1. Any chance you could count how many residues in the stretch 144-165 are part of a helix (DSSP H, G or I) and closer than 16 Å to Val19 by Cβ?
2. Against the definition (touching a strand residue (DSSP E or B) at 6+ places or on another chain (Cβ under 8 Å) and either of a type outside the set (Lys, Arg) or at pLDDT 95 or above (or both)), how does Val100 come out, yes or no?
3. Can you tell me which residue within the stretch 75-115, out of those that are in contact (Cβ under 8 Å) with a residue 60 or more places away in the chain and charged (D, E, K, R), is surrounded by the most Cβ atoms within 10 Å (Cβ to Cβ)?
4. What residue, among those in the stretch 150-205 that are in contact with a helix residue (DSSP H, G or I) (Cβ under 6 Å, 6 or more places away or on another chain) and among the polar types (S, T, N, Q), is nearest to Gly132 (Cα to Cα)?
5. Considering only the stretch 182-196, I want to know if a residue exists there that is assigned to a helix (DSSP H, G or I), surrounded by 15 or more Cβ atoms within 10 Å (Cβ to Cβ) and among the aromatic types (Phe, Trp, Tyr).
6. Could you count how many residues in the stretch 13-52 are within 14 Å of Ala207 (Cα to Cα), among the small types (Gly, Ala, Ser) and surrounded by 24 or more Cβ atoms within 10 Å (Cβ to Cβ)?
7. Listed residues Val118, Val137; which is crowded, with 22+ Cβ neighbours inside 10 Å and under 20 Å from Ile8 (Cα atoms)?
8. Out of Leu149, Leu186, which single residue is hydrophobic (A, V, I, L, M, F, W, C) and at pLDDT 95 or above?
Amino acid sequence: MDHQFVGIPELTGVPRVAVVIDVMRAFTVAAWAFARGVERIVLASTESEALALKESNSGWLALKDGAPAAGFDAVNSPGLLRSRDFGGRTLVQKTTAGTVGALAVADAPLVLCASFVVAGATARFLRGEESGPVTFVVTGEGGRADEDLACAEYIGRRMGGGEVDPAPYLRRARMSRAAADLAGGLRSGYHPDDVGLCSEIDRFPFAMVARREESLMVLRPVGVPAGPAPAP
């Protein structure tokens, strides 16, 4: 299929199907949040909006990039999130790249958010929808983040239905500038396991679909039947 791979600044018009990629770390974190019991994730455009949504909705939680901050309940780190219990809660997420990319394509008829941990399920979901060519939004580094591009290319290949060796794609993620920055402690709100957790393939059996619900852009998990395991 003739998929398109674009950065957020390169988006023109409204794509028919958009898959927004943020491997390190927004949509790895989102997948872990769902695995830890979050019911839905509301994507916020600013930190102020995230806090306002939390304050106006009883029981909601808020998550942001960077170091812990007043009013926020969690930071954008899978290592710091994986032991939390979020059973039945709504989480408001604001990050530097991932949420920005999802909101940029909010008018598309079908929007998915993805990372390596849900890559296989995302590809199977798209095959089931017979979606045709996809616009992959590579959110990091203005569309140049190799970990995001590698994940997008892997999902695109998996959409073809055959076996695809994930190892070269995961290697690119582990060797990316984002991984080096995280491992070097250059990003706050970091756990030493973050790079490894962001480089796991197909950990979760669901895709993450974003849709408008009233005035909000809301991300929810959608279970996808298992397909053939990727090559070791």
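1. Selection size over the stretch 144-165: 12.
2. On the way: touching a strand residue (DSSP E or B) at 6+ places or on another chain (Cβ under 8 Å): no; either of a type outside the set (Lys, Arg) or at pLDDT 95 or above (or both): yes.
Here the answer is no, as Val100 does not meet what is asked.
3. Across the stretch 75-115, the extreme among qualifying residues is Arg82.
4. Only one residue fits best here, namely Ser199.
5. No: zero hits.
6. Residues flagged as within 14 Å of Ala207 (Cα to Cα), among the small types (Gly, Ala, Ser) and surrounded by 24 or more Cβ atoms within 10 Å (Cβ to Cβ) within the stretch 13-52 amount to 4.
7. Working: Val118 fails: under 20 Å from Ile8 (Cα atoms).
When all the criteria are applied, what remains is Val137.
8. Details: Leu186 fails: at pLDDT 95 or above.
Only one candidate qualifies: Leu149.
The values are calculated or read from the model by the stated rules, or taken from the named source; none is laboratory data. The shown structure was predicted, so the numbers you read here are calculated from the model rather than taken from an experiment. Using ideal geometry, Cβ is built from the backbone for each residue, glycine included, and neighbour counts are taken over all protein chains shown.
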